[in-house]
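The values are calculated or read from the model by the stated rules, or taken from the named source; none is laboratory data. Quick caveat: nothing in here was measured; it's all calculated off a predicted structure. Cβ sites come from the backbone with ideal geometry, for glycine too, and all protein chains shown count toward neighbours. The area values use the complete protein model at the heavy-atom level, side chains included, leaving out ligands, DNA and RNA. Shrake-Rupley method; radii C 1.70, N 1.55, O 1.52, S 1.80 Å.
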Amino acid sequence: MTTVDQNTLRRRGTGLRAYDPARSYGGHTLYTPIAGTGDVYLVDIDGEVAHQWSLPHPPGRHARLLPDGTLFYQGKDTQTGDPLFPIWEVYHGGILQLVAPDGTLLRESRHPYHHHDASLLANGNLILLAVEPVPPALAARIPGGIPGTEAPDGRIWGDVVYEMTWTGEILWRWASFEHLPIDDTPLNPHFAREHWPMANTVNELRDGSIMVGFRSASTVVVIDRATSQVTWRLGPDTLAQQHYPHELDCGTILIFDNGSYRDDTSVPYSRVIEVDRATGELVWSYEDNPPQNFYSPYMSSAQRLPNGNTFIAEGSFGRLFEITPDGDVVWEYVVPHFATFGTGVGLESSRGAQNAVFRAYRYGPDHTASLRSHLRR
């Protein structure tokens, strides 16, 4: 008698699902199973593991491969005591590392309130997301969210951005509750009030400005580092719980728009959009047909490739795929690594064995050249 696999995603098939060599950019794909123990995989275009890091800390979201072959890894500090609020246990990090191809730890920095994302600045310092308590008088003014869902002691934790050296010195600080207009940045009514506005992305633009994406407020901003002022903003009239907004070489902004709670449709679906920063207009977008075939309620990313294709991580379901500018799928891979977060962690989305990834990245041969001697094939 055949035993049926009761995990729906795994039963549908994993590994390489599609490949069009004539139209794919090729290269290697890096991903980190979010429920794993610290394994990071680099797979080749045929879906075979070319290199693997097995690190001592579970992921604090994701890893990124640097041009010199080192891995920038965000790990989860599991020794920080009681969580600030239930889902903090899922998305906090706390450990930032540079790791050699053979797994040797090269550099490490820690911050107890780091969560979701961090990047390396052009000057070599770290830019990271963290939280601080919102002053009570300001917290009382924050609109939206599910009533009565503040963190313990009625507290609301607010996002801050730090520029930090590897030795832990804070050189620059930007606090959401000091620079965002609270009345004009409401929480979506489906989100808890424990964390406002729940940032999930931070990175540096070519002019030195900082881009930050806030999921629970469906808002992306650009911050001038010299003045700490918000110089650009895109909000819920365009976005719906987005992830990984970042600048392309041409100056436009690429965003994975998750789409769980859109006001103009009853069907949740995801899309990838490219936004003209000057006008706020969409210059390119991708959605599936029918649109509900492509949907990730949380996490996920999109990356423009040098040949004009776009590499997408449908993060909630571990589906990684590449599309042409016209939207044709030319490569598809489903993460085969399933694991559980454990008991008592986070919300319903954290239950059961899953193959989710926060982000994934595609790298061409120029980027992986220094890693070549370590690749299996």
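Close amide H pairs (under 5 Å, H built 1.01 Å from N) link residue 356 with 34, 35, residues at least 5 positions away or on another chain. Rolling a 1.4 Å probe over the protein heavy atoms of the range 118-298, with every protein chain left in place, gives an accessible area that is 48 percent carbon and sulfur.
Rounded, prolate or oblate: which fits the range 118-298 when a ≥ b ≥ c are the square roots of the eigenvalues of the alpha-carbon gyration tensor, with rounded for a/c under 1.5 and prolate only if a/b beats b/c? Before the final figure, lay out the partial values.
Numbers: a/c = 1.91, a/b = 1.11, b/c = 1.72.
Judged from the Cα gyration tensor, the range 118-298 comes out oblate (a/c at least 1.5, b/c at or above a/b).
Just how large is the dipole of the chain about the Cα centre, in debye to the nearest 20, putting +1 at every Lys and Arg Cβ and -1 at every Asp and Glu Cβ?
On the way: 29 positive and 44 negative charges, 155 e Å.
The dipole of the chain has a size of about 740 debye.
Using a simple spin-label model with pseudo-atoms 7 Å out from Cα toward Cβ, residue 2 and residue 373 lie 4.8 nm apart.
At a probe radius of 1.4 angstrom, the accessible area of the range 145-286 per residue rounds to 39 square angstrom.
Between residue 23 and residue 231, the distance separating the two model label sites (each 7 Å from Cα on the Cα→Cβ line) works out to 3.9 nm.
A crude spin-label estimate for the pair residue 276 and residue 171, with each label 7 Å from Cα along the Cβ direction, gives 3.6 nm.
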